[in-house]
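Q: The structure follows.
The values are calculated or read from the model by the stated rules, or taken from the named source; none is laboratory data. Every value quoted in this text rests on a predicted model; they were computed, and no experiment measured them. Quick reminder, even Gly has a Cβ in these numbers, built from the backbone with ideal geometry, and neighbours come from all protein chains shown.
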2 protein chains.
Amino acid sequence: MCVVQRDEFQTAFWSTKRAMAEAAEAAFNQHGVRAGQQFILERLWETDGQTPGELAKALGLATPTVTRTATRMETAGLLHREAHPSDARLVRLCLTDRGRRLEKTLEQERRRLTERALRGLTDDEREQLVQLLETIRTNLGERK
Amino acid sequence: MCVVQRDEFQTAFWSTKRAMAEAAEAAFNQHGVRAGQQFILERLWETDGQTPGELAKALGLATPTVTRTATRMETAGLLHREAHPSDARLVRLCLTDRGRRLEKTLEQERRRLTERALRGLTDDEREQLVQLLETIRTNLGERK
DNA sequence: CGATGATTATTAGCCGGCTAACGTGAATCA
DNA sequence: TGATTCACGTTAGCCGGCTAATAATCATCG
């Protein structure tokens, strides 16, 4: 029935989210990286030295989320803070050698995770899945 | 390309998750309920007086997650703790009048949220979405 | 009956999302 | 120039997920 289907969506979505979070954490922890740090790493691999505000905007996160994660990454030896040359308000987050070296490893880990999650799905199904997810996000984003 | 599609899945999934979390929080906050409390409420509407351990098992959560959420719900006047009649280790979580009265309101709110999220999707697409999500969860659940 | 082991809830503390409040530096304008 | 406003990063603290460690109680076995 319709109502049942609605319940199923919420249930399926949140349980899948927890499974994804758990699997991601396990995958990245093998390399001394926490799940939330991958997003910042990916952006810095592409363009090093971005500010917390830039990263937050690019990732759709709140700035404090980025600054705190960056602090943990600094402690973990993945990046370090540098003063911005022309604007003392800004902070540049710059990868360490270790942070840079992890690029290929973690990208492979992420691919493996995605492949494991989507195992058995055809290319069409994968594409439709992404489409459905983006529709949902768009629907929720509309301030109606 | 294949790699791009994999990236798209992770990106789409996590951004959709954040959008869902934000929308759920906004929807339930209107009624003085936090997003994480709905799951416990739903179970207690069905069977009142369950223990934290029972709820955790039924919801697939860790027990401390339930006990802390229950504490906040107690503070919010949604439930209260009662001693178990025959086993002093157990605690029964029992709805207050307010917790019971919210049943129809919150169920409607949840239906509205789901409908808003899935707007524009056909019944077939909704069913397939749930199927895809459950496949993912099953894939990740398999140890190996 | 008493000791030992299992079960349960709780506490403490980490991660990752958020908002609000704060302080500092840049920029603007009178 | 100097005051005010704006922009940015950080801190503090909430929520909701988790694990590890505690404390209390039950159950079992000697």
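For (1) away from DNA strand C (no atom under 12 Å from the Cβ); (2) touching an Asp or Glu at 6+ places or on another chain (Cβ under 7 Å); (3) not in a helix (DSSP H, G or I), each residue gets a yes or a no:
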| residue | (1), (2), (3) |
| --- | --- |
| B:7 | yes, no, no |
| B:12 | yes, yes, no |
| B:28 | yes, yes, no |
| B:41 | yes, no, no |
| B:48 | yes, no, yes |
| B:104 | yes, no, no |
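Q: Tell me, please, whether a residue that is at the interface with chain B (Cβ under 7 Å from one of its Cβ atoms), surrounded by 14 or more Cβ atoms within 10 Å (Cβ to Cβ) and more than 19 Å from the chain's Cα centre (by Cα) can be found in the stretch A:84-100.
A: Looking only at the stretch A:84-100, we keep the residues that are at the interface with chain B (Cβ under 7 Å from one of its Cβ atoms), and these are none.
No, the stretch A:84-100 contains no residue that is at the interface with chain B (Cβ under 7 Å from one of its Cβ atoms), surrounded by 14 or more Cβ atoms within 10 Å (Cβ to Cβ) and more than 19 Å from the chain's Cα centre (by Cα).
Q: Restricting attention to the stretch A:121-139, does a residue exist that is in a helix (DSSP H, G or I), at the interface with chain B (Cβ under 9 Å from one of its Cβ atoms), touching a Ser or Thr at 6+ places or on another chain (Cβ under 7 Å) and not hydrophobic (A, V, I, L, M, F, W, C)?
A: Checked the stretch A:121-139: at least one residue is in a helix (DSSP H, G or I), at the interface with chain B (Cβ under 9 Å from one of its Cβ atoms), touching a Ser or Thr at 6+ places or on another chain (Cβ under 7 Å) and not hydrophobic (A, V, I, L, M, F, W, C).
Q: When both residues are 6+ apart or on different chains and their Cβ atoms are under 8 Å apart, which pairs have a first residue that lies in the stretch A:36-51 and is without any contact (Cβ under 8 Å) to a residue 60 or more places away in the chain, and a second that is of a type outside the set (S, T, N, Q) and in a loop (DSSP other than H, G, I, E, B)?
A: Partner pairs satisfying both residue conditions: A:37/A:76; A:37/A:78; A:39/A:61; A:51/A:84; A:51/A:90.
Q: Please work out if residue B:85 is free of Cβ contacts under 8 Å to residues at least 12 places away in the same chain and not hydroxyl-bearing (Ser, Thr, Tyr). Lay out the reasoning, then the answer.
A: Numbers: free of Cβ contacts under 8 Å to residues at least 12 places away in the same chain: yes; not hydroxyl-bearing (Ser, Thr, Tyr): yes.
Answer is yes for this residue.
Q: A further question follows. Determine, yes or no, whether residue A:59 is touching a Cys at 6+ places or on another chain (Cβ under 7 Å), modelled with pLDDT of 95 or more and surrounded by 15 or more Cβ atoms within 10 Å (Cβ to Cβ).
A: Considered against the rule, which asks whether it is touching a Cys at 6+ places or on another chain (Cβ under 7 Å), modelled with pLDDT of 95 or more and surrounded by 15 or more Cβ atoms within 10 Å (Cβ to Cβ), residue A:59 comes out as no.
Q: Exactly one condition in (1) under 30 Å from residue B:128 (Cα atoms); (2) of a type in the set (D, E, K, R); (3) more than 10 Å from DNA strand D (Cβ to nearest atom); (4) within 13 Å of the chain's Cα centre (by Cα) is false for residue A:25; which is it?
A: (3)
Q: Let me ask something additional. So the check is Cβ under 6 Å with 6+ separation or different chains; which pairs have a first residue in the stretch B:64-80 that's more than 8 Å from DNA strand D (Cβ to nearest atom) and a second one that's basic (Lys, Arg)?
A: Here the result reads B:77/B:98, each pair linking the stretch B:64-80 to a residue that is basic (Lys, Arg).
Q: I would also like to ask the following. Quick one: would you say residue A:109 is of a type in the set (Asp, Glu) and either surrounded by 18 or more Cβ atoms within 10 Å (Cβ to Cβ) or touching a residue at least 40 places away in the same chain (Cβ under 8 Å) (or both)? So that I can check it myself, show each step before the final result.
A: Working: of a type in the set (Asp, Glu): yes; either surrounded by 18 or more Cβ atoms within 10 Å (Cβ to Cβ) or touching a residue at least 40 places away in the same chain (Cβ under 8 Å) (or both): yes.
The answer is yes for residue A:109.
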